[in-house]
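The values are calculated or read from the model by the stated rules, or taken from the named source; none is laboratory data. Worth saying up front: this structure is predicted, and the values here are computed from it rather than measured. Cβ coordinates were reconstructed from backbone atoms using ideal geometry, including for glycine residues, and neighbour counts include every protein chain displayed.
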Amino acid sequence: MRASTFTFLFAGLASTVFATDVNEFDNADCSGDAKFPHDLGIFFSASSASIDDTTQCIDVKGDDVFAYEGELDKDDDNCIGTLLGTLPEAKVKPDEFISGKRVTCVTLETPR
């Protein structure tokens, strides 16, 4: 096996080991236990998640997460709707990320 092939395979496997945490909280400062914890992208787990209507704070840790105002397409595990942008690795209020819009779905998938 050539070194370049090994490096490529190792990088691909490593990217599946490290999850991106997207945790939903029912308070404005993301304190306490997450109401809905999501580990996106670890091994063969989901790469997208719906954000509950009652969520007041989203805590993102890990890779870039794309935020949508829309819904989760359960057929291909991806968000559909209006792309709002990339969520920072931080605590975000879903109603305040983009004025007049609400984050209702998040995904690791690159927008199409």
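A few points about this structure:
- Considering the range 84-112, the residues that are among the hydrophobic types (A, V, I, L, M, F, W, C) and surrounded by fewer than 16 Cβ atoms within 10 Å (Cβ to Cβ) include one that is nearest to ILE42 (Cα to Cα), namely ALA90.
- ILE42 surrounded by 11 or more Cβ atoms within 10 Å (Cβ to Cβ) and modelled with pLDDT of 95 or more: no
- Of the listed requirements (1) surrounded by 13 or more Cβ atoms within 10 Å (Cβ to Cβ); (2) modelled with pLDDT under 95; (3) on the phi < 0 side of the Ramachandran plot, ALA67 misses just one: (2).
- Of residues in the range 32-65 being touching a Cys at 6+ places or on another chain (Cβ under 9 Å) and assigned to a loop (DSSP other than H, G, I, E, B), the one farthest from THR110 (Cα to Cα): GLN56
- Inter-residue pairs, beta-carbon under 7 Å, first closer than 12 Å to SER47 by Cβ and in the range 67-81, second assigned to a loop (DSSP other than H, G, I, E, B), 6+ apart: ASP77/ALA46; ASP77/SER47; ASN78/GLU109
- Hits in the range 71-110 - residues which are small (Gly, Ala, Ser), under 14 Å from the mean Cα position of the chain (by Cα) and in a strand (DSSP E or B): GLY85
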